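For reference, the structure discussed in these notes is given below.
The values are calculated or read from the model by the stated rules, or taken from the named source; none is laboratory data. Predicted, not measured: the structure shown is a model, and the values here were computed from it. With ideal geometry, Cβ positions are generated from the backbone for all residues, glycine too; neighbour counts draw on all protein chains shown.
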Amino acid sequence: MADLGVVTKALLAIARDTSDDRVLATRICRACVEGLDVDGAAISLLTARTARQTLAATDETAELLEDLQFTLNEGACMEAARTGNPVLVADLRQSSSHVARWPMFAAAVLERSAVRAVFALPLQWGAVNLGVLDLYRRKPGALDDAQLRDAIAAADAAALMMLGLRTEPDHGGAAWLDHAVAYRAEIHQATGMVSVQLDVPAAEALARLRAHAFLHDQLLIDVAHDVVSRRLTFTEDLD
Amino acid sequence: MDRSSNEREELASRAFVTLADTLVDDYDIIDLLDRLVGFCVELLPTDAAGIVLGDARRELRAVAASEEAAHMMELLQLQADEGPCLDCFQTATAVSVADLTAASDRWPSFVAAVEQRTDFRSVHALPLRLRGRAIGALNLFGEVAGLLPQRDLALGQALADVATIGILQEQAIRRGEVLGEQLQLALNSRVVIEQAKGVMAQYAGITTDAAFERLRSYVRSHDLRLSDVARRIAEKEFDLTEIIPPSTPSRRRR
């Protein structure tokens with residue numbers, strides 16, 4: 001039914017036993033370079049609070065792009081992380097509203113590399129920012145419809161995989177949230193409720209929900225339903 | 001329906017003016033869609049309205065509903081698998097069902113869910129259409145069996161077109177990007193809003209539906225962006241006493 005792009009298919013085929021976020025990020029980046037018409041990819045973590053960190057880069061140029069942004073404190077990837085919006089720049093040499101917002105980054109990229117186009121896609125699950133997928137191309141030009149669709153679907157799948165890994169209870173099991181379940185309203189509502197009950201960030205609240213589902217051999221959606229209908233309240237010593 | 005056509009025309013033009021006003025520089029797409037489904041219920045002889053959008057995998061996701069009641073969002077979300085919205089989305093043409101009880105062969109689980117949770121009898125799905133393709137659908141539910149008159153359908157389609165324009169801002173349409181950045185943002189904003197509803201519901205001891213009503217009236221009366229405020233609430237960087245005054249005795253004591 002869903003019309004999966006080639007990259008999304010490749011991502012879904014990635015072994016579910018990936019237990020390390022750098023390994024997972026590296027595989028996601030490679031799948032993007034192989035499946036999309038881009039020359040390199042990187043995934044960085046850069047939320048407002050946590051330290052900036054590049055998890056994976058397919059080559060030195062991809063790594064340079066990340067380093068430049070962190071050093072200059074501006075750029076496509078930082079903007080994507082801040083706004084939660086994809087940032088698509090077809091040609092860094094052409095003046096655009098994007099380039100005008102981060103002139104130092106654009107100038108530095110053109111001076112120090114052969115990169116002409118950058119596409120930064122935020123990896124997010126609601127208010128939870130899981131990083132940014134950065135793609136670059138030496139040839140200028142926009143992603144066409146199919147490529148953009150594929151890239152966004154890949155970022156979507158990558159976000160759920162990163163989220164799955166980060167909220168994975170220690171006991172193993174499926175390594176990521178099912179796409180159909182991940183967008184059920186009650187799961188988001190329960191995440192918000194548990195984040196207040198335990199005074200923890202949303203990602204951790206989701207981790208607790210998943211751990212509870214695992215321990216009690218329940219479906220995540222059923223646990224979420226119990227929380228929203230107030231049959232289940234999380235406390236520090238629950239589980 | 002006993003409304004005079006003059007009064008209705010006036011309401012309709014006021015709705016379009018309001019929607020056009022929303023389409024300013026930095027508009028909030030979720031807020032626009034939320035207002036739009038509200039206008040559908042006001043202007044059309046329909047009891048509930050919702051909007052679903054196709055994501056990058058062309059799977060439908062619910063983004064706005066005239067009632068935030070959980071069953072309404074679920075009815076929309078269910079149609080990712082089957083239902084009038086999915087048919088409308090795939091064919092990019094309107095799907096009208098005068099009486100759902102006669103449609104259980106066509107969409108068994110959708111019709112069962114409608115019968116179990118609501119009093120709806122009729123359903124219309126109008127495409128959010130762009131160059132022959134649908135990017136989503138506007139869903140109208142009625143508690144009386146029967147089809148909407150042609151002029152109501154035309155007005156409904158006009159509202160659906162406003163939604164399309166809002167989502168694929170003019171610039172994106174010119175560039176030919178069917179799946180604009182805006183669409184992705186709208187889909188994620190929906191998740192943020194649900195997370196924020198949970199935070200508010202837990203904080204104030206109210207239902208998630210009531211939480212949304214508070215949130216909506218707060219952002220409208222303060223002229224703020226719905227998705228911005230929801231994000232700050234979900235990140236717990238928003239002082240909720242602004243929206244929910246600590247008036248209940250148990251809170252005042254703290």
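Annotations
- Within the stretch B:193-210, the set of residues being of a type in the set (V, I, T) and closer than 21 Å to B:A62 by Cα comprises B:I193, B:V199, B:T207, B:T208.
- Residue within the stretch B:80-97 that is part of a strand (DSSP E or B), surrounded by fewer than 24 Cβ atoms within 10 Å (Cβ to Cβ) and hydroxyl-bearing (S, T, Y) present: yes
- Residue that is surrounded by the most Cβ atoms within 10 Å (Cβ to Cβ) [pool: residues in the stretch A:20-48 that are more than 26 Å from A:K139 (Cα to Cα) and among the aliphatic types (A, V, I, L, M)]: A:L24
- Within the stretch B:15-34, the residues that satisfy the criterion of being surrounded by fewer than 21 Cβ atoms within 10 Å (Cβ to Cβ), in contact with a helix residue (DSSP H, G or I) (Cβ under 9 Å, 6 or more places away or on another chain) and not hydrophobic (A, V, I, L, M, F, W, C) are B:T18, B:T22, B:Y27.
- Selected residue (only one of A:L143, A:L177, A:L123, A:L160 is in a loop (DSSP other than H, G, I, E, B), closer than 21 Å to A:L36 by Cβ and modelled with pLDDT under 95): A:L143
- Members of the stretch B:55-70 that are away from every other protein chain (no Cβ under 11 Å) and outside any loop (DSSP other than H, G, I, E, B): B:A64
- The lone exception for B:A49 - which of (1) small (G, A, S); (2) part of a loop (DSSP other than H, G, I, E, B); (3) closer than 16 Å to B:T118 by Cβ it fails: (2)
- Filter result (crowded, with 17+ Cβ neighbours inside 10 Å, over 19 Å from the mean Cα position of the chain (by Cα) and not in a helix (DSSP H, G or I)) within the stretch B:99-127: B:W107, B:R121
- When the helices (runs of 4 or more DSSP H) confined to the stretch A:66-118 are screened for residues that are in contact with a His (Cβ under 9 Å, 6 or more places away or on another chain) and modelled with pLDDT of 90 or more, those reaching at least 1 such residues are found at A:76-83, A:103-112.
- With respect to the stated conditions, A:S113 fails to be among the hydroxyl-bearing types (S, T, Y), surrounded by fewer than 24 Cβ atoms within 10 Å (Cβ to Cβ) and within 14 Å of chain B (Cβ to nearest Cβ).
- Count of the stretch B:128-152 residues which are outside any strand (DSSP E or B) and aromatic (F, W, Y): 0
- Checked against the criteria, A:D150 does not count as within 14 Å of chain B (Cβ to nearest Cβ), charged (D, E, K, R) and part of a loop (DSSP other than H, G, I, E, B).
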